Structures are given as C-alpha cells and as structure tokens.
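FYI, it's all coordinate maths here, none of it is from the lab. Since the model is a prediction, treat every value here as computed from it, not as a measurement. When we count neighbours, we look across all protein chains shown, and the Cβ atoms used for this are built from the backbone with ideal geometry, even at glycine.
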Amino acid sequence: MKLMQPTALSVNLNKVATIRNTRHLGIPSLTRAATLCLQAGAHGITVHPRPDERHIRSSDVTELATLLQAWPEREFNIEGNPLHNLLDVVGQLVVAQLPVHQMTFVPDDQGQFTSDHGWSFPADAERLKPLIDQAHAWGLRVSLFMDAETAPMAAAKAVGADRVELYTEPYAAAWGTPTQAHQLARFAAAAQAALDVGLEVNAGHDLNLDNLTAFIAQVPAVSEVSIGHALIADALELGYEATVKAYLRCIELGGHLPYVG
C-alpha cells in the first residue's frame with residue numbers, strides 16, 4: 001500500500017527572475033509572484049541562486065525571506081551547490097534571523113544551463129558531510145539532489161541528509177512513451193529505498209500538469225514537489241492563482257489513486 005501523506009507544492013521562482021532580468025524595470029516582481037502563489041495555496045517557495053545571478057539575486061533571497069515572515073506555516077527552500085555560494089547566501093539569512101527551512105544541495109557547475117544529475121556516492125560523501133553538518137547547526141533540513149537509483153540512498157542517509165530530491169527529468173522525458181511505466185517503476189523503487197533507510201523524499205525537474213498526478217500516485221510518500229519552469233509557463237496563460245490550484249488538484253488526485261508498485 002502507498003503510505004498516504006500530503007505532498008507539499010513548492011513553487012520555484014527562477015523563471016520569474018529570468019524574465020525580470022531582461023530589463024531594468026523590476027518587473028515582474030518576485031515578491032508579488034510569491035504572494036499570489038502563497039495566497040493560492042502553495043506550501044512553499046523555492047529559489048536557486050547561482051553565483052552569476054543570472055536569475056535569482058542575493059537581494060531576491062532576502063526579500064523573499066522577509067516576505068515569508070508573514071507566512072510562518074509556509075516553507076522557504078533554497079537550492080544550489082554548497083561548494084559554490086549556497087552556504088554564504090543561506091548564512092546571511094540565518095544571521096539576520098530570517099526564515100529558511102530547507103537547503104537542497106545540487107551538484108551543478110557554475111555555468112550549467114540547468115541541473116541535470118544527482119550526487120555520487122561514495123565519491124561526494126567526504127566533501128558533503130561538513131556542509132550538511134553546518135546546515136544542521138543552523139537548524140535547517142538538508143535534501144540531496146539524487147538520481148533515481150536505489151543503491152546510493154543508504155550512503156545519503158549515512159552522510160547526514162534528511163531528504164533526497166529525486167531528479168525527475170528522465171521520467172518527464174519518458175512521459176507518453178513506451179518507457180513511461182519503466183521510469184515510474186524506477187522512481188518508485190528509488191523512493192522506497194530512501195524511505196527504508198529513514199530519508200524523506202522530494203522530487204523535481206520537468207514535472208507538469210500532465211505527468212504530476214501519475215507520479216504522485218505511483219511513487220510512495222513524496223513529501224514535496226518543487227516545480228518552476230512548467231508552472232510559471234502555465235501561469236503566463238492561466239494566472240498564478242488558477243495555475244497553483246491546478247497543480248494542487250493534480251497532487252490531490254494522485255494521493256487518492258492506488259499505488260500499484
């Protein structure tokens with residue numbers, strides 16, 4: 001049986017910042033976008049501040065954290081490479097006593113177009129452990145961006161991770177093809193392996209209104225999905241409120257479908 005628990009929706013605002021950065025007018029506003037998403041029922045906000053600030057800027061992180069003070073029941077997830085600027089960005093919020101709840105460690109290069117692979121174990125364990133320890137010293141949850149493989153989950157737990165975020169692009173790419181069922185089975189197995197060693201499971205990358213319900217239905221106990229590109233693209237046509245509510249409906253429907261893994 002599928003372990004039933006609500007799956008949180010965290011809205012990634014990187015694409016809003018990308019549009020904003022094409023001009024010098026300050027529009028669209030990230031704080032306005034976050035407010036509309038939270039008002040529509042989103043459970044949290046995600047940003048990925050890269051060192052080159054090509055979308056999210058350090059000032060955006062501070063402004064969003066300040067906004068989230070008015071939403072104490074919602075979460076702020078900041079993702080990025082902890083070997084680059086992530087700890088500096090989060091450390092500033094901690095010093096300022098601004099809300100941040102989760103750090104998602106992603107092994108991307110500084111100039112990488114988008115995140116496209118997870119951490120490797122045991123290769124990355126030694127350098128990740130002190131960074132995870134620092135996040136825990138700040139009282140923050142740590143999620144590691146991981147490929148949908150069962151074997152590394154015990155090592156991710158051993159190094160101190162609280163959660164893993166499954167990199168879902170292979171599933172999204174397989175949607176509507178003969179390999180869709182195979183990919184769903186891979187992700188279900190990886191999630192179960194994580195749960196079996198005491199990790200919680202997040203997921204993200206190319207999830208959308210078409211493929212989200214099946215993912216939630218077939219992958220056990222997904223705690224959170226972080227969705228940006230597709231959600232913001234939908235919001236251009238539907239508006240933030242209607243879009244967030246549509247994604248929440250997908251999650252709700254998936255949670256009521258039987259798990260057949």
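If the only charges are +1 at each Lys and Arg Cβ and -1 at each Asp and Glu Cβ, what is the size of the charge dipole of segment 8-256 around the Cα centre, to the nearest 20 debye?
Values: 16 positive and 28 negative charges, 85 e Å.
About 400 debye.
Of P152, I78, L30, which is farthest on the positive side of the dipole of segment 8-256, counting Cα position, with +1 on Lys and Arg Cβ, -1 on Asp and Glu Cβ, and the Cα centre as origin?
Selected residue: L30.
If each DSSP helix of 4+ residues adds -39,500 (n - 2.57) and the sum is divided by the residues in the chain, what number results at 222 nm, nearest 500 deg cm²/dmol? Provide the component values of the computation, followed by the final result.
Values: 11 runs with 114 residues, N = 261.
The helix contribution divided over the chain gives -13000 deg cm²/dmol.
Take the alpha carbon gyration tensor of segment 56-101, find the square roots of its eigenvalues, order them as a ≥ b ≥ c, and report rounded if a/c is under 1.5; if not, report prolate when a/b exceeds b/c, else oblate. Present the calculation step by step, with values, prior to reporting the outcome.
Details: a/c = 1.85, a/b = 1.75, b/c = 1.06.
Cα axes put segment 56-101 in the prolate bin.
To the nearest 0.05, how large is the calculated FRET efficiency for L83 and A158 if R₀ is 22 Å and r is the Cβ-Cβ distance? Write out the running numbers ahead of the final one.
Working: r = 20 Å, r/R0 = 0.89.
The computed FRET efficiency comes out at 0.65.
Multiply the residue separation of T22 and Q69 by 0.36 nm, subtract the distance between their alpha-carbon atoms, and state the gained length in nm to one decimal.
Working: separation 47, 0.36 × 47 = 16.92 nm, distance 2.87 nm.
Gain in length upon complete extension: 14.1 nm.
To the nearest 20 debye, what charge dipole does segment 40-140 have about its Cα centre, counting +1 at the Cβ of each Lys and Arg and -1 at the Cβ of each Asp and Glu? The partial results should precede the final answer.
Working: 6 positive and 14 negative charges, 30 e Å.
So the magnitude is around 140 debye.
Based on the alpha-carbon gyration tensor of segment 8-256 and its eigenvalue square roots a ≥ b ≥ c, which shape applies: rounded if a/c is under 1.5, prolate if not and a/b is larger than b/c, or oblate? Spell out each step's value before the answer.
Details: a/c = 1.59, a/b = 1.10, b/c = 1.45.
Judged from the Cα gyration tensor, segment 8-256 comes out oblate (a/c at least 1.5, b/c at or above a/b).
Check which residues have an amide H placed less than 5 Å from A8's amide H, if you skip close sequence neighbours.
E224, V225
Using Cα centres only, tell me the gap between segment 181-255 and segment 9-54 in whole Å.
Taking the Cα centre of segment 9-54 as reference, the centre of segment 181-255 is 19 Å away.
Let me know the number of lysine pairs in the chain closer than 27 Å at the Cα, not counting same-chain pairs under 8 apart.
Qualifying lysine pairs in the chain: 4.
Apply the Karplus curve 6.51 cos²θ - 1.76 cosθ + 1.60, θ = phi - 60°, to the phi angles in segment 130-141 and return the couplings in whole Hz, x for Gly and Pro.
Going residue by residue, I get x, 6, 5, 4, 5, 4, 5, 4, 7, x, 10, 7 Hz, with x marking Gly and Pro.
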